[in-house]
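*Asks:* Below is one structure. I have some questions about it.
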Amino acid sequence: MLKDNVKVIFNDDNDNMDSHTHFMEQAFKKPYPCMECKCTTTTTKIEQIIKSLKAKKSCGYDEISTKILKICGPFISSPINYICNKMLLWGVFPDTLKYAIIKTQHKNDDRCGVSNYRPVSLLTSFSKISETVMQRRILKHLTNYNILSTQQYGFRLCNLQTTEILNAMNNKL
């Protein structure tokens, strides 16, 4: 049984492990439903996404900053909406939106040490919008069909991390 094998491997008998293994057992008992392409995004949602972007001067290879995109948002939300809906319908993320400019950013300490820098990918603003539309659609599907375990909370919109920390502290006390 999966539960016994996982406990042997991790040597962990707490309730948290039991809920993980229970979730995994349920996940393999029945297949999950396919994502539906019936619902489309709207220009209003695209405008909301554009407004939620941080107004920065930095830009991707297309040289369109989010600051400029916010100004043009009401005028270009309809074409972006059309493109996003076609991407979702066809299940394709265009290769040109996958390109990024890689820059280095100093972290701390000595500027001469290579390990004191981290890479930063500058994506196009349109890529950020498309990714947000897809992320919301996928998360909605995962939530509607209860596909995610309650312990998987790191990328969800609500602040479940605080809840998880408090639960962990309560279990230890």
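*Asks:* Of the residues that sit in segment 65-101 and are part of a loop (DSSP other than H, G, I, E, B) and of a type in the set (F, W, Y), which one is nearest to R137 (Cα to Cα)?
*Replies:* Looking at the filtered set, the residue picked out is F93.
*Asks:* So L97 passes all but one of these: (1) over 20 Å from E47 (Cα atoms); (2) touching a helix residue (DSSP H, G or I) at 6+ places or on another chain (Cβ under 6 Å); (3) among the hydrophobic types (A, V, I, L, M, F, W, C). Which condition number does it fail?
*Replies:* Unmet for L97, out of (1) over 20 Å from E47 (Cα atoms); (2) touching a helix residue (DSSP H, G or I) at 6+ places or on another chain (Cβ under 6 Å); (3) among the hydrophobic types (A, V, I, L, M, F, W, C): (1).
*Asks:* Could you check segment 112-130 and list, in sequence order, the residues that are part of a loop (DSSP other than H, G, I, E, B) and within 25 Å of G60 (Cα to Cα)?
*Replies:* L123, T124 - these are the residues of segment 112-130 that are part of a loop (DSSP other than H, G, I, E, B) and within 25 Å of G60 (Cα to Cα).
*Asks:* Suppose we keep only residues that are of a type in the set (V, I, T) and part of a helix (DSSP H, G or I) within segment 131-149. Which one would you say is nearest to C84 (Cα to Cα)?
*Replies:* Across segment 131-149, the extreme among qualifying residues is V133.
*Asks:* Another question, if that's okay. Considering (1) over 17 Å from I129 (Cα atoms); (2) modelled with pLDDT of 90 or more, say which one I76 fails and leave the rest.
*Replies:* (1)
The values are calculated or read from the model by the stated rules, or taken from the named source; none is laboratory data. Being a predicted model, the structure only gives us computed values, none of them experimental. All Cβ positions, even for glycine, are placed from backbone atoms using ideal geometry, and neighbour counts span all protein chains on display.
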